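The values are calculated or read from the model by the stated rules, or taken from the named source; none is laboratory data. Please read all numbers here as calculations on a predicted model, not as lab measurements. Neighbour counts run over all protein chains shown; Cβ positions are idealised from the backbone, glycine included. The accessibility values were calculated without ligands, DNA or RNA, using every heavy atom of the protein model including side chains. Shrake-Rupley method; radii C 1.70, N 1.55, O 1.52, S 1.80 Å.
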Amino acid sequence: MKVGDLVTLSEVAIGLAPLWKFRDRVRAGEVIGMVTGVREDSEALTHRYFKGAKYVVYWFDPKLQRRPLKRQAWMIDALWKRTDLKKYRPPKKK
């Protein structure tokens, strides 16, 4: 993914405890964001969570701007792994 891509949460992300309550909204296509930054690996940090690129996402929903979505509640910055995001596709019309 690159800066400017429209994204939503993947099934992996909505399976995480802090994000399960957004499951129905994600599947309905209501949770949309834009990648605004990419942070590369940090050599100093060796914990497995910090390996790989992390993405900074701006969520368009005003509720999510007031209280930003985070992968885990303990995180200071709302950074996302690649497996947590997928490119946004509008929902199919019925």
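Per residue, how much accessible area does the chain show when a 1.4 Å probe rolls over the protein heavy atoms, in square angstrom? Before the final figure, lay out each step's value.
Values: 6650 Å² over 94 residues.
On a per-residue basis, 71 Å².
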Gain on full stretching of the segment that runs from Glu40 to Lys92 - 0.36 nm per residue minus C-alpha separation: 15.3 nm
Within the P(r) computed for the chain, what percentage of the Cα pairs occupies the region above 17 Å? 49 percent
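What order do you get for 72-78, 57-63 when each peptide is scored by the mean count of other beta carbon atoms within 10 Å, highest first? Walk me through the numbers before you get to the answer.
Details: 72-78: 10.0, 57-63: 14.4.
Most protected by this proxy first, the peptides run 57-63, 72-78.
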How far apart, in nanometres, would the label points at Ala17 and Lys2 be if each is projected 7 angstrom from Cα along the Cα-to-Cβ direction? 3.8 nm
Above-threshold pairs, the threshold being 19 Å between Cα atoms, out of Lys70/Lys93; Lys2/Lys86; Lys21/Lys92: Lys70/Lys93; Lys21/Lys92
Amide H to amide H, which residues 5 or more places from Val57 or on other chains are under 5 Å from it, using H placed in the peptide plane? Thr36
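Could you calculate the contour length gain from Val56 to Asp24, that is, 0.36 nm times the residue separation minus the distance between their Cα atoms, to one decimal place in nm? Present the calculation step by step, with values, prior to reporting the outcome.
On the way: separation 32, 0.36 × 32 = 11.52 nm, distance 2.27 nm.
Contour length minus Cα-Cα distance gives 9.2 nm.
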